[in-house]
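The structure appears below as structure tokens.
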Amino acid sequence: MLKKFAVCFTLMMLLMLIVVPMALASEGGESAGSLSAWLAAASAFAIAIPAFGGAIGQSRAISAALEGIARNPSASGKIQTPMIIGLALIESLVLYGLVIAYLLQSKI
């Protein structure tokens, strides 16, 4: 799993190193459009990163809870309530990212 992540991360960094210079190469008088482009990219990252992290966090939380319930079925009530609270807190972080994305989008 760690090796796949390292390979994907390396490929993404190489892609960014190739694409960013082409994206930033602009004519002299495009500074106002450049700011809106940066705000659009920032708003995209403001929702993409929390959504990715939230999905990973929720999947791990549910996996651990189901594993605990499978090992001890009588503890399902004690495991399920904290799991739902934890999932709500993870989802709230994703919603904060969505709010930030909307705030950035309104500045464009």
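No value in this document is a laboratory result; all are computed from the given coordinates. All values reported here derive from a predicted model rather than from experimental measurement. Counting neighbours? That spans all protein chains shown, and the Cβs are built from the backbone with ideal geometry, glycine included.
Using the alpha-carbon atoms, what tilt in degrees (0 to 90, nearest 10) does helix 31-71 show relative to the longest principal axis of the chain? For 31-71 against the chain, the angle is about 10 degrees. Between helix 76-106 and the chain there is an angle of about 10 degrees, using the helix long axis and the longest principal axis of the Cα atoms. With neighbours defined as other Cβ atoms within 10 Å of a residue's Cβ, the residues E91, E67 order from fewest to most as E67, E91.
Remark: the Q80-L103 segment gains 4.8 nm on full extension, using 0.36 nm per residue and subtracting the alpha carbon distance. Dipole orientation for the chain: of the candidates A55, A41, I100, A55 has the Cα lying most toward the positive pole (charges on Cβ; Lys, Arg +1; Asp, Glu -1). Under the criterion of Cα pairs below 8 Å and six or more residues apart, the relative contact order for the chain equals 40 percent.
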